[in-house]
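Visitor: I'd like to ask some things about the structure below.
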Amino acid sequence: MFDKILIANRGEIALRVIRAAREMGIQSVAVHSTADSDAMHVRMADEAICIGPPSATQSYLSIPAIISACEITGAQAIHPGYGFLSENAAFVQIVEDHDLTFIGPTAEHIRVMGDKITAKETMRKLGVPCVPGSEGGVDTLEDALKIGEEFGYPVIIKATAGGGGKGMKVARSADEMKSAFQTARAEGKSNFGNSDVYIEKYLTTPRHIEIQVFGDGKGRAVHLGERDCSLQRRHQKVFEEAPGPAIDAATRARIGKICADAMADINYIGAGTIEFLFEDGEFYFIEMNTRLQVEHPVTEGVFGVDLVREQIRVAAGLPMSFTQDDLQVQGHAIEVRINAEKLPNFSPCPGKITQFHAPGGLGVRMDSALYDGYSIPPYYDSLIAKLIVQGRDRPEALARLHRALGELIVDGIDTTIPLFRDLLREEAIQTGDYNIHWLEKWLAETYP
Ligand code: ADP
């Protein structure tokens, strides 16, 4: 096992990894930009090292700075968290070239799954059901129009390198295709340096269901059920739960096995998430994330496992500490993402926290790097806290979420906390009867 690991990230996810390391008796090294000198992850780690100025490209994304930090501190492995360098295959290669261990999948798996066209082809060959659409990339408007005809509108044009909801455009008719095709290509080019796009049938009432998978890199892999992340704004998740309100045990076992078998086939190592749209009882693969997800705590809650501990174990060459039979869903967990944003426009709202009180009690988990007097810098993601609640069943989890939101105090800045208080009053949230378009529609009506 490693003696010391470096966490190439910040905020709540850096804390999450430090906590797992500490429980395993592993020393942790935090890295930080000059804007984060007072950040909680810097205070909580065993050692901290400044790696550059506020701009992420010169700090959290600076590969030479991070490798140097490992060399200076003697860290043997790097946990990338999510975002930043977590899905950067070139980074993984460099880490390995320096005789360090990347706590995550291989560069090759990251590369394959990071290109959505290749990912889809790979998954289809592995027997995973995919959204109907173009076979591979679509280079010209003429071809795009042909595919629109063939599959019928609406269709969605997606940048192969896309992520975070960028590089996706819906075309509802041949007329709309022209601008949608050009925009998706342009967004792919400007955000990800790659203008290649592909086309899929646009599903009108699906749920977003994702399967947590985990592999040991030696041909063994398991699934840890699903998360329903259908409540989205601008294709970004806002509220996640496990198990999915629309998924029964037989469905979970069926799709879970398909995913676990696919990961065993490719010798996948570490945590991964296979994302699907789910409509009329059918699953359609959309993409795979080769890293820990923001919403992993709901899975940890219902399966009673520590996914970060497990990532560190398999990276160190140890076997997984559970088998598929050990993994049984217990109860229900919900996560809400709290952002430093001002409603109704969700405009970023960094600034100084004048008062902070985290909720507690049975079944409440708060993953956050906030503290009284902390100043949220304006340079990074606006996620400031994840409130995760757990109950014996969905109604109990919802009641607990309501209670915990009542206890939570974040003063000094605007946050999305009121959004969740409002959401909990909704019938569709209480019954779990929502799809990927529900939240946008509700937001338009509630915060006009
Ligand atoms: P990103 O990598 O940007 O997160 P994804 O491919 O994971 O993009 O899609 C994000 C979200 O976009 C999905 O959760 C869903 O809400 C919507 N979406 C993607 N593909 C489709 C589709 N074929 N039909 C309808 N909605 C889609």
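Visitor: Here's a check for you: in region 125-155, which residue that is under 26 Å from Asp265 (Cα atoms) and in a strand (DSSP E or B) is farthest from the ligand (Cβ to nearest atom)?
Guide: Cys130
Visitor: Among the residues of region 156-167, write down those that are assigned to a strand (DSSP E or B) and within 8 Å of the ligand (Cβ to nearest atom).
Guide: Scanning region 156-167 gives Ile156, Lys158, Gly162, Gly163, Lys166, Gly167.
Visitor: Follow-up question, since we're still on this one. Going through region 361-381 one residue at a time, which ones are open to solvent by 30 Å² or more (accessible area, probe 1.4 Å) and outside any strand (DSSP E or B)?
Guide: Gly361, Leu362, Tyr371, Asp372, Gly373, Pro378, Tyr379, Tyr380, Asp381
Visitor: Still on this model: For region 157-196, give me the residue count where each residue is within 22 Å of the chain's Cα centre (by Cα) and among the β-branched types (Val, Ile, Thr).
Guide: Here the count works out to 2.
Visitor: I've got another one for you. Kindly list the number of the only condition in (1) within 28 Å of Phe102 (Cβ to Cβ); (2) open to solvent by less than 10 Å² (accessible area, probe 1.4 Å); (3) in contact with a helix residue (DSSP H, G or I) (Cβ under 6 Å, 6 or more places away or on another chain) that fails for Arg309.
Guide: The single condition Arg309 does not satisfy is (2).
Visitor: When region 14-49 is examined, which residues are found to be within 14 Å of Gln311 (Cα to Cα), open to solvent by less than 10 Å² (accessible area, probe 1.4 Å) and touching an Asp or Glu at 6+ places or on another chain (Cβ under 9 Å)?
Guide: Ile18, Ala20, Ala21, Ile26, listed by residue number.
Visitor: Tell me whether region 105-114 contains one or more residues that are open to solvent by less than 20 Å² (accessible area, probe 1.4 Å), within 16 Å of the ligand (Cβ to nearest atom) and among the charged types (D, E, K, R).
Guide: The answer is no; no qualifying residue exists.
Visitor: I'm told Phe91 meets every condition in (1) farther than 26 Å from Asp261 by Cβ; (2) in a strand (DSSP E or B); (3) under 20 Å from the mean Cα position of the chain (by Cα) except one. Can you identify the failing condition by its number?
Guide: Here Phe91 clears every test but (2).
Visitor: Another question, then. If we scan region 11-22, do we find a residue that is out of contact with any Cys (no Cβ under 8 Å at 6 or more places or on another chain) and farther than 19 Å from Asp367 by Cα?
Guide: Checked region 11-22: no residue is out of contact with any Cys (no Cβ under 8 Å at 6 or more places or on another chain) and farther than 19 Å from Asp367 by Cα.
Visitor: Can you spot a residue in region 85-98 that is open to solvent by 10 Å² or more (accessible area, probe 1.4 Å), small (Gly, Ala, Ser), within 13 Å of the ligand (Cβ to nearest atom) and touching a residue at least 24 places away in the same chain (Cβ under 8 Å)?
Guide: Within region 85-98, none of the residues are open to solvent by 10 Å² or more (accessible area, probe 1.4 Å), small (Gly, Ala, Ser), within 13 Å of the ligand (Cβ to nearest atom) and touching a residue at least 24 places away in the same chain (Cβ under 8 Å).
Visitor: Okay, next question. Of everything in region 211-241 that's open to solvent by less than 20 Å² (accessible area, probe 1.4 Å), among the charged types (D, E, K, R) and within 15 Å of the ligand (Cβ to nearest atom), which residue is nearest to Pro129 (Cα to Cα)?
Guide: Glu226
Visitor: Suppose we filter region 69-78 for residues that are in contact with a strand residue (DSSP E or B) (Cβ under 8 Å, 6 or more places away or on another chain) and open to solvent by 30 Å² or more (accessible area, probe 1.4 Å); how many remain?
Guide: 3
Visitor: Can you tell me how many residues within region 189-205 are closer than 16 Å to Gly136 by Cα, among the hydroxyl-bearing types (Ser, Thr, Tyr) and either in contact (Cβ under 8 Å) with a residue 60 or more places away in the chain or within 13 Å of the ligand (Cβ to nearest atom) (or both)?
Guide: Of the residues in that region, 1 qualify.
Visitor: Kindly indicate whether any position in region 397-410 is open to solvent by 60 Å² or more (accessible area, probe 1.4 Å) and in contact with a Leu (Cβ under 7 Å, 6 or more places away or on another chain).
Guide: Yes - at least one qualifying residue is present in region 397-410.
Visitor: May I ask you to verify whether Gln355 is surrounded by fewer than 17 Cβ atoms within 10 Å (Cβ to Cβ) and away from the ligand (no atom under 16 Å from the Cβ)?
Guide: Yes.
Visitor: Picking from Ala119, Ala180, Ala186, which residue would you name as being under 22 Å from His235 (Cα atoms), assigned to a helix (DSSP H, G or I) and more than 15 Å from the ligand (Cβ to nearest atom)?
Guide: So the residue among Ala119, Ala180, Ala186 that is under 22 Å from His235 (Cα atoms), assigned to a helix (DSSP H, G or I) and more than 15 Å from the ligand (Cβ to nearest atom) is Ala186.
Visitor: Does Gly244 qualify as being within 15 Å of the ligand (Cβ to nearest atom), under 22 Å from Phe322 (Cβ atoms) and not in a strand (DSSP E or B)?
Guide: When the stated conditions are applied, Gly244 passes them.
Visitor: Against the conditions (1) buried (at least 17 other Cβ atoms within 10 Å of the Cβ); (2) without any contact (Cβ under 8 Å) to a residue 40 or more places away in the chain; (3) away from the ligand (no atom under 16 Å from the Cβ); (4) within 26 Å of Glu187 (Cβ to Cβ), where does Ala65 fall short? Just the number, please.
Guide: Failing condition for Ala65: (4).
Visitor: Moving to a separate point now. Restricting to region 242-251, name every residue that is open to solvent by 10 Å² or more (accessible area, probe 1.4 Å) and either aromatic (Phe, Trp, Tyr) or in contact with a strand residue (DSSP E or B) (Cβ under 7 Å, 6 or more places away or on another chain) (or both).
Guide: Result: Pro243, Pro245, Ala246, Ile247.
The values are calculated or read from the model by the stated rules, or taken from the named source; none is laboratory data. Computed from a prediction, not measured in an experiment: that's the story for all the values here. FYI the Cβ positions are ideal-geometry reconstructions off the backbone, even for glycines, and counts take in every protein chain you see. Heads up: the accessible areas ignore ligands, DNA and RNA and are worked out on the full protein's heavy atoms, side chains in. Shrake-Rupley method; radii C 1.70, N 1.55, O 1.52, S 1.80 Å.
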